[in-house]
1. From (1) surrounded by 13 or more Cβ atoms within 10 Å (Cβ to Cβ); (2) of a type in the set (Lys, Arg); (3) out of contact with any His (no Cβ under 9 Å at 6 or more places or on another chain); (4) closer than 30 Å to residue 32 by Cα, pick out the condition that doesn't hold for residue 189.
2. Quick check on this structure: which one of 202, 227, 259 is open to solvent by 40 Å² or more (accessible area, probe 1.4 Å), of a type in the set (Asp, Glu) and under 30 Å from residue 139 (Cα atoms)?
3. Give the residues of segment 93-111 that are at pLDDT 95 or above and assigned to a loop (DSSP other than H, G, I, E, B), sorted by residue number.
4. Return the only residue of 141, 154, 135 being touching a residue at least 12 places away in the same chain (Cβ under 8 Å), open to solvent by 40 Å² or more (accessible area, probe 1.4 Å), aliphatic (A, V, I, L, M) and under 19 Å from residue 101 (Cα atoms).
5. Scan segment 230-243 residue by residue and report those that are assigned to a strand (DSSP E or B) and not polar (S, T, N, Q).
6. Determine which member of the set 238, 233 is open to solvent by less than 40 Å² (accessible area, probe 1.4 Å) and touching a Gly at 6+ places or on another chain (Cβ under 7 Å).
7. Filter segment 245-277 for residues that are under 39 Å from the mean Cα position of the chain (by Cα) and assigned to a helix (DSSP H, G or I) and give the result.
8. Could we say that residue 89 is at pLDDT below 95, farther than 19 Å from residue 158 by Cβ and either more than 29 Å from the chain's Cα centre (by Cα) or part of a loop (DSSP other than H, G, I, E, B) (or both) here?
Amino acid sequence: MKRFLGFLAMLCFFLATHAQENTGKRNTILKPLKVGDQVPDLLLASILNNDDHVVHIHDFKGQLLIIDFWATSCGGCIEALRRMDSLARLFNGRLQILPVTAEKSARIKIFQTKNGYLKGWKFRTVTDDTALHALFPHRLLPHEVWIDGGGKVLGFTEATDVNAITIKQVLAGGGLGPKSKKDVLDYNRHKPLLVAGNGGSDTLYRYRSVITGMLPGLPSAMGFSYDSVKHLTVVRATNVSIKRLYALAYKGLTNLAEDQMDLGNRTGLYCYELDLPGTSPGLVRKSIREDLDRFFGVRSEFSGKAFRLLPPSDGNEEGPLTL
């Protein structure tokens, strides 16, 4: 009896220790890898059409490994799958291409059967993935991760860069060269583009039009300039009246007396900036006029002796905007 109780105690200790180890592995935080980093020997247990075999990353040691992130919603990914398979066969023994998706295994099984482009081709693919997505975060698909025979990250590319020429170059020790794919992971499509670095530097715009209300602390000023680097005509006005704003669009408007203007009770101060490609004065003034008319919801008219803001022309109403 004592021996039996001792055995139970040892068994409970083993099970508790094993559970702690497994829990620790599940809670391990995988940090994103960069070029030159060593890829950990992950166990990839959920693989379709692999004869029920599990795979470790180190099983590919000695071969060039390309991890091909894809999804059933990505047309470019689906089109690339057969080409990837042909390349793997061409460089048999030296190259492995491993498709990886976060989608569930059951969904992929149905997809492989019903997708017309693939015509029932049941290719090998990792499914239900979270670990590789954590190691190689990306936003755009397809996303290709190149790993050398020693298990180090060589780089990240588009699917179009996975071709015989680039593969031969890498296998010959030439590396990926200038090819690099870098997704902007912190872009928020619900926030203004380029503002506070959303999607890139706020210097990357090629055309811009901005209107605000009064901005306290700014001077009252306006004028035209030319950006010779970006080849943009720049119009800026800060804390000016509606009359002065429209004076940017209509030459001679500043000479009108107040009784020659009908602004429809519109008052207040505004700021305006336009960065427009080209230098044509006519195009610049036309663009300013259209910007202001849209913003104030009017149709402006200037005869040379009178200026007025009228209700906008009737447009074709087509209902709410949809894609």
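1. (1)
2. 202
3. Restricting attention to segment 93-111, the residues satisfying the condition of being at pLDDT 95 or above are 94-111.
Listed by number, the residues that qualify are 94, 101, 102, 103, 104.
4. Values: 154 fails: under 19 Å from residue 101 (Cα atoms); 135 fails: open to solvent by 40 Å² or more (accessible area, probe 1.4 Å).
After applying the criteria, what remains is 141.
5. Within segment 230-243, the subset assigned to a strand (DSSP E or B) is 232-240.
232, 234, 235, 236, 237, 240, listed by residue number.
6. After applying the criteria, what remains is 233.
7. Those that are under 39 Å from the mean Cα position of the chain (by Cα) and assigned to a helix (DSSP H, G or I): 245, 246.
8. no
The values are calculated or read from the model by the stated rules, or taken from the named source; none is laboratory data. The structure displayed is predicted, hence computed values, not measured ones. With ideal geometry, Cβ positions are generated from the backbone for all residues, glycine too; neighbour counts draw on all protein chains shown. Accessible surface is based on the protein model in full, side chains and every heavy atom, while ligands, DNA and RNA are left aside. Shrake-Rupley method; radii C 1.70, N 1.55, O 1.52, S 1.80 Å.
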